[in-house]
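Undergrad: Below is one structure. I have some questions about it.
The values are calculated or read from the model by the stated rules, or taken from the named source; none is laboratory data. A quick note: this is a predicted structure, and the numbers were derived from the prediction, not measured. Cβ coordinates were reconstructed from backbone atoms using ideal geometry, including for glycine residues, and neighbour counts include every protein chain displayed.
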Amino acid sequence: MLVKNEADRLSRVLPSLVLFEEILVFDSGSEDQSIQMCLDAGAKVEQVPWEGFGATRKKLFSAASSHWVFWIDADEVVTADLARELMDLFAGSEPEKRGYEVNRIVRFEGRWIRHGEWFPDWNLRLFRTDSWSMEELAVHERVDLKNGKAGRLEGLLEHHTYRSWDDLRARSKRYALLWATQKSTAGRCPFFFTGWIRSSWKFFRALVLRLGFLDGGLGFRIAWANALEVRLKYKLLHRINDLGED
């Protein structure tokens, strides 16, 4: 796990990790009880400088002593079903695949979100240490298998991603700025209406095509918030590009 000031979440996360032989934590400056909580749970904790999500996470994965890595964040919980599935997977011979995707389900406003952009949410989270690669992206980093096709596990990974609507909005602004800076550096120059088009499509896809309306008013608000984040990304990208030209 990458950790910074996650004490309020770790009390839920750490007990779900008892099945793993090693819990490796990179802490980038916690000022709460996060470090001590991880140590008390038997984790190996290293305090490291923050180098961005991609670069820091690559170092974390490379520090693992096992031949297999399970990527988990400090706001995620391994469900009992997923834990049993993982135990069965490694109970006999070497797993058939070199990597496995896990489906995350978000808990927000006291409800499980089962539609829209947030579910299903398949991510490659279990992989051999000799079979993965990752671009050093500032945000929205992901693991890719070097060869072969990943399998899929049936057990869910709980995702307690946002503490509140204020937390959602604040994180959306932070991630939008990281994304825009990253794209500007890469030379991305979209035309003026791209943000409006993509945000409108994001909203329609989440609410209608991915059945977000079945989550009621909350589903509508989530779809709207996700669309606003897309619009903000392109607004910031245009602004950064304009400043660069000046």
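Undergrad: Output the number of residues of the stretch 131-146 satisfying the condition of being outside any loop (DSSP other than H, G, I, E, B) and surrounded by 13 or more Cβ atoms within 10 Å (Cβ to Cβ).
TA: Final tally of qualifying residues: 3.
Undergrad: If you scan the stretch 147-204, which residues turn out to be polar (S, T, N, Q), assigned to a helix (DSSP H, G or I) and either surrounded by 15 or more Cβ atoms within 10 Å (Cβ to Cβ) or at positive phi (or both)?
TA: Answer for the stretch 147-204, where residues must be polar (S, T, N, Q), assigned to a helix (DSSP H, G or I) and either surrounded by 15 or more Cβ atoms within 10 Å (Cβ to Cβ) or at positive phi (or both): Ser172, Thr181, Gln182, Ser184, Thr194, Ser199.
Undergrad: State yes or no: is Phe90 in the same structural domain as Phe53 (by TED's automatic domain parsing) and surrounded by 15 or more Cβ atoms within 10 Å (Cβ to Cβ)?
TA: no
Undergrad: Quick one: how many residues across the stretch 40-58 are among the aromatic types (Phe, Trp, Tyr) and outside any helix (DSSP H, G or I)?
TA: 1
Undergrad: From (1) farther than 19 Å from Ala170 by Cα; (2) of a type in the set (Phe, Trp, Tyr); (3) out of contact with any helix residue (DSSP H, G or I) (no Cβ under 6 Å at 6 or more places or on another chain), pick out the condition that doesn't hold for Phe203.
TA: Going through (1) farther than 19 Å from Ala170 by Cα; (2) of a type in the set (Phe, Trp, Tyr); (3) out of contact with any helix residue (DSSP H, G or I) (no Cβ under 6 Å at 6 or more places or on another chain) one by one, Phe203 breaks only (3).
Undergrad: Which residue pairs have Cβ atoms closer than 9 Å, lie 6 or more positions apart in sequence or on different chains, and pair a first residue in the stretch 1-26 that is over 20 Å from Val48 (Cα atoms) and hydroxyl-bearing (Ser, Thr, Tyr) with a second residue that is part of a loop (DSSP other than H, G, I, E, B) and at pLDDT 95 or above?
TA: Within 9 Å, the pairs are Ser16/Ile72; Ser16/Thr79.
Undergrad: Inside the stretch 178-214, can you point out the residues that are at pLDDT 95 or above, closer than 13 Å to Tyr234 by Cα and aliphatic (A, V, I, L, M)?
TA: Residue satisfying the conditions is Ile197 alone.
Undergrad: Tally up the residues in the stretch 169-183 that are of a type outside the set (A, V, I, L, M, F, W, C) and either free of Cβ contacts under 8 Å to residues at least 40 places away in the same chain or outside the structural domain of Lys233 (by TED's automatic domain parsing) (or both), please.
TA: The total comes to 2.
Undergrad: Looking at the stretch 184-212, I want the residues that are in contact (Cβ under 8 Å) with a residue 12 or more places away in the chain and within 12 Å of Val230 (Cα to Cα) and have a partner that is among the aromatic types (Phe, Trp, Tyr) and surrounded by fewer than 18 Cβ atoms within 10 Å (Cβ to Cβ) with Cβ atoms under 9 Å, at least 6 apart or on another chain. Which pairs are those?
TA: Phe203/Trp224
Undergrad: In addition: Tell me the residue from Glu96, Glu85 that is in contact (Cβ under 8 Å) with a residue 12 or more places away in the chain, among the acidic types (Asp, Glu), surrounded by fewer than 16 Cβ atoms within 10 Å (Cβ to Cβ) and not in a strand (DSSP E or B), please.
TA: Criteria check complete, one pass: Glu96.
Undergrad: Going residue by residue through the stretch 141-152, is there one that turns out to be among the polar types (S, T, N, Q) and in contact with a strand residue (DSSP E or B) (Cβ under 9 Å, 6 or more places away or on another chain)?
TA: No, the stretch 141-152 has no match at all.
Undergrad: Here's a follow-up. Among the candidates Ser30, Ser66, single out the residue that is outside any helix (DSSP H, G or I) and either within 18 Å of Asp130 (Cβ to Cβ) or under 17 Å from the mean Cα position of the chain (by Cα) (or both).
TA: Answer to the check: Ser66.
Undergrad: Hey, Ala138 hits all of (1) closer than 20 Å to Val13 by Cβ; (2) within 19 Å of the chain's Cα centre (by Cα); (3) in contact (Cβ under 8 Å) with a residue 12 or more places away in the chain but one; which does it fall short on?
TA: (1)
Undergrad: Hey, could you check the stretch 111-120 for residues that are more than 15 Å from Asp75 (Cα to Cα) and surrounded by fewer than 16 Cβ atoms within 10 Å (Cβ to Cβ) and say which is farthest from the chain's Cα centre (by Cα)?
TA: Arg111
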